[in-house]
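Read the structure below first, then the notes.
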Amino acid sequence: MTRLLDSELLKLRTTRTFYALVAGAVALIVIISALGTALGSFKATGDPGRSVLSVAGLAPLFALVIGVIGMTTEFRHGTITPSLLVEPVRTRLLGAKLAAQLLARLLLGLVGFGVCAGLVAGILSSRGIHTGMSTGDWIAAVIGGAVATMLYAAVGLGVGALLRNQAGAIVVVLAWVFVIENLLGIIPGGFGDGIKRYGLAGVGRSLAASAGHGTRIDQLPAGLILLGYALVLVIAGTIVMCQRDVSS
Amino acid sequence: MLWVLVAIVVVVGIVVAVFGWDRYRGTRAAAGDGTGAEPTAEVFVDPDTGGRLRVWYDRGTGRRDYRPEQPGDEGRATDLVAVESGTDQADRGREADVSYGSPRPAGTARSTVVPKVSTALASGAETGMSATIEVTGLTKRFGETVAVHDLSFSVTAGRIVGFLGPNGAGKSTTLRVLLGLVRPTAGSATIDGRRYAELADPARTVGALLDGDDVHAGRSGRNHLRVLARAAGVAPGRADELLELVELTGAADRRAGGYSMGMRQRLGLAAALLGDPRVLVLDEPANGLDPQGIRWLRDFLRSLAGEGRAILVSSHVLAEISQTADDVIVINHGRSVLQAPLAELMVQRNGGMRVTGPDSGRLAELLSADGAQVEAAGEGAIVVADRTGEQIGRVIAAHGIVVSELAPRAASLEDVFFELTGAEGGPS
């Protein structure tokens, strides 16, 4: 099992795609949050720390795409064939892939949210603006954000295993998060509110403690719901993957 | 912070659940719900006496049990060939005929691409000798399409078996079933009596090249091999060693997307050899290779087979195989058309002697008068089907005939292939 995990981690380290995506995510977070914090005008009554920290929410979104790519790249380049020749037990291969993504994305989440939190707290305090967050709040937000990043990668991996087509799977996850859930959220009444609160995007924001007041739920239930999404998709992807004929 | 703990516990739960499912599937397979664990029988026939011997093979225990089909067959079935194929050329002509579970199409050669039974085996002694690759009654349907239909064959150590058929004949599907990538609709394909996914150490048992394109375009050749080496538990030094062997060292650190087709094919070959496997399965390995590359591949396969490996190599180009393979299996529309040692096929389908010269007309008359089958081949050439070069030479000498050429007609294996697969005229 360690050798498979090793192999999967090496896969992540030996193409430019993953470096580019990780670097892109961190760079965007740093630039946007630094500019936003330095130049933004904050109302005294608002929640300036949290609202700028929400920029780090880019990390889970990138992780979602990275998760999709991590799985679908095997089909796109046909490397699934040599991978399965070395490890014909598909659940083991997927398990190793999942473990590698969870580890790597936890790291991405910690860096993304940690750097963002540092910048926001530093710049705001230098501007003399009260962040409205205690040290415990910051830590909870960073850890929650990192876990959200990790679980989004698992969601992406599950979708990738289900759909196989790289471009298609990326479009599906992004459309889901940015378009479909937003459209469903417009529906007035309980359903729309429910989507905003308990949809994939909503629980991610709540877990990272950066959701707006109206739709925020506690971190623990948010984390459990997101974990549920990840579990369902990963298990569905695994089952489909085990049944599937791999013919290049 | 309680929720963090809970989250970690549940993540661990995912992993355990995933692996539990895996183990559950494993035990179910071991318990014998698949076709792999059922005892199977093959009938071996002594070609001289007609004695028949039924061989029961229990895949679960690996035991072979030899029973005569009828009383008295014990005595008659003792003359089955005593050598493992490929190790003793002198014995190749005496190969025992083996009948399959499925009837052979009428008019095709009797198959011999199969394990030979030694005298010791015929008397019931147990030995470890068995076919390395064994495909039994394999059928695969994709929806309405039948890709492979009731296909059976086997490959033993030290042999190169050419797996031939036109594009779309079902070669790749068969190989993918053998390698656990595609699930068969019926029948089984095993290596050392086990399904691929059940092999204890697949990379060290079987090396396979299915599609030379199976490389991430953005990863270097060296890293491609290292990734696979890690997964297989092979030392990374082995990757460099193999790059040297397939002559890719110079390009090893470039991104594989920039490789030529031939380079990718060789990289795939290196990947197949990572675990130094005893069995090699190669699907169209000559694809994209230039003539030098094909020659290199041929010598390479020869040397690998010389080390006692079993090699199953598919191709749709007969010429690639004709100088490499010991045996050929020809399939068409998913069905086996012919299974025979290549040498035997060459002899059987002899193209006759071609004679050219100003007096060829007279020679034709003389030979015809002698009862030979002679055909005019245009431009003063004739083809004599049933006379050896020496026999024709004697007639030429006796009558003082002038000839400019007397040669065996180029092996018409290509024609045989077309004839067998019905692929003549137009691409299939």
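The values are calculated or read from the model by the stated rules, or taken from the named source; none is laboratory data. What you see is a predicted model, and the numbers here were worked out from it, not measured in a lab. Backbone-built Cβ (ideal geometry, glycine too); neighbour counts: all protein chains shown.
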Counting only residues in region B:223-249 that are closer than 19 Å to A:Thr79 by Cα and small (Gly, Ala, Ser), the one farthest from the other protein chains (Cβ to nearest Cβ) is identified as B:Ala239
Every listed condition ((1) more than 7 Å from chain A (Cβ to nearest Cβ); (2) part of a helix (DSSP H, G or I); (3) surrounded by fewer than 21 Cβ atoms within 10 Å (Cβ to Cβ)) holds for B:Ala197 save (1)
Does region A:78-88 contain at least one residue that is away from chain B (no Cβ under 14 Å) and either in contact with a strand residue (DSSP E or B) (Cβ under 8 Å, 6 or more places away or on another chain) or surrounded by fewer than 24 Cβ atoms within 10 Å (Cβ to Cβ) (or both)?
no
Residue hits (region B:307-323; in contact (Cβ under 8 Å) with a residue 60 or more places away in the chain and under 19 Å from B:Thr132 (Cα atoms)) are B:Gly308, B:Arg309, B:Ala310, B:Ile311, B:Leu312, B:Val313, B:Ser314
Q: Might you let me know whether region B:245-266 holds any residue that is touching a residue at least 60 places away in the same chain (Cβ under 8 Å) and basic (Lys, Arg)?
A: no
- [ ] Test B:Asp386 against the criterion of being of a type in the set (D, E, K, R), modelled with pLDDT under 85 and farther than 30 Å from B:Arg335 by Cα, and give yes or no.
- [x] yes
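Condition check ((1) buried (at least 17 other Cβ atoms within 10 Å of the Cβ); (2) touching a strand residue (DSSP E or B) at 6+ places or on another chain (Cβ under 8 Å); (3) under 30 Å from A:Glu87 (Cα atoms)) across all residues:
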{"site": "B:Leu282", "(1), (2), (3)": "yes, yes, yes"}
{"site": "B:Glu307", "(1), (2), (3)": "no, no, yes"}
{"site": "B:Val317", "(1), (2), (3)": "no, no, no"}
{"site": "B:Asn332", "(1), (2), (3)": "yes, no, no"}
{"site": "B:Val337", "(1), (2), (3)": "yes, yes, no"}
- prompt: Does at least one position in region B:203-217 carry a residue that is in a helix (DSSP H, G or I) and within 8 Å of chain A (Cβ to nearest Cβ)?
  reply: yes
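Every residue, every condition in (1) in a strand (DSSP E or B); (2) farther than 19 Å from B:Asp283 by Cβ; (3) within 14 Å of another protein chain (Cβ to nearest Cβ); (4) hydrophobic (A, V, I, L, M, F, W, C), yes or no:
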site	(1), (2), (3), (4)
B:Glu134	yes, no, no, no
B:Arg141	yes, yes, yes, no
B:Val146	yes, yes, no, yes
B:Gly158	no, yes, no, no
B:Gly162	yes, no, no, no
B:Thr174	no, no, yes, no
B:Val177	no, no, yes, yes
B:Pro184	no, no, yes, no
B:Gly187	yes, yes, no, no
For region B:217-234, pairs from a residue that is on the phi < 0 side of the Ramachandran plot to a residue that is among the polar types (S, T, N, Q) and surrounded by fewer than 22 Cβ atoms within 10 Å (Cβ to Cβ), with Cβ under 7 Å and 6 or more apart or across chains, are B:Gly218/A:Thr15; B:Gly218/A:Thr17; B:Arg219/A:Thr14; B:Arg219/A:Thr15; B:Asn223/A:Thr14; B:Val227/A:Thr14
Pairing a residue in region A:121-136 that is assigned to a loop (DSSP other than H, G, I, E, B) with any residue that is modelled with pLDDT of 90 or more and of a type in the set (A, V, I, L, M, F, W, C), where Cβ atoms lie under 7 Å and the two sit 6 or more apart in sequence or on different chains, gives A:Thr131/A:Ala121; A:Thr131/A:Leu124
Practice prompt. State whether the residues of region A:188-210 include one that is closer than 19 Å to A:Pro60 by Cβ, within 11 Å of chain B (Cβ to nearest Cβ) and surrounded by fewer than 17 Cβ atoms within 10 Å (Cβ to Cβ).
Written response: no
Practice task
Could you check, for region A:213-222, whether at least one of its residues is out of contact with any Leu (no Cβ under 6 Å at 6 or more places or on another chain), part of a helix (DSSP H, G or I) and within 13 Å of chain B (Cβ to nearest Cβ)?
Solution key: yes
*asked:* Given the criteria more than 26 Å from B:Asp201 (Cβ to Cβ), within 13 Å of another protein chain (Cβ to nearest Cβ) and crowded, with 22+ Cβ neighbours inside 10 Å, does B:Ala256 qualify?
replied: yes
Counting only residues in region A:1-47 that are in contact with a helix residue (DSSP H, G or I) (Cβ under 7 Å, 6 or more places away or on another chain), more than 10 Å from chain B (Cβ to nearest Cβ) and of a type in the set (Ser, Thr, Tyr), the one farthest from B:Ala200 (Cα to Cα) is identified as A:Thr37
query: Would it be correct to say that A:Ala141 is under 15 Å from A:Leu207 (Cβ atoms), of a type outside the set (S, T, N, Q) and either within 12 Å of another protein chain (Cβ to nearest Cβ) or touching a residue at least 12 places away in the same chain (Cβ under 8 Å) (or both)?
result: yes
Within region B:239-295, residues outside any helix (DSSP H, G or I) and within 19 Å of B:His316 (Cβ to Cβ) come out as B:Leu280, B:Val281, B:Leu282, B:Asp283, B:Glu284, B:Pro285, B:Ala286, B:Asn287, B:Gly288, B:Leu289, B:Asp290
Exactly one of A:Ala169, A:Ala154 is under 20 Å from A:Ala63 (Cβ atoms) and away from chain B (no Cβ under 14 Å), and that residue is A:Ala169
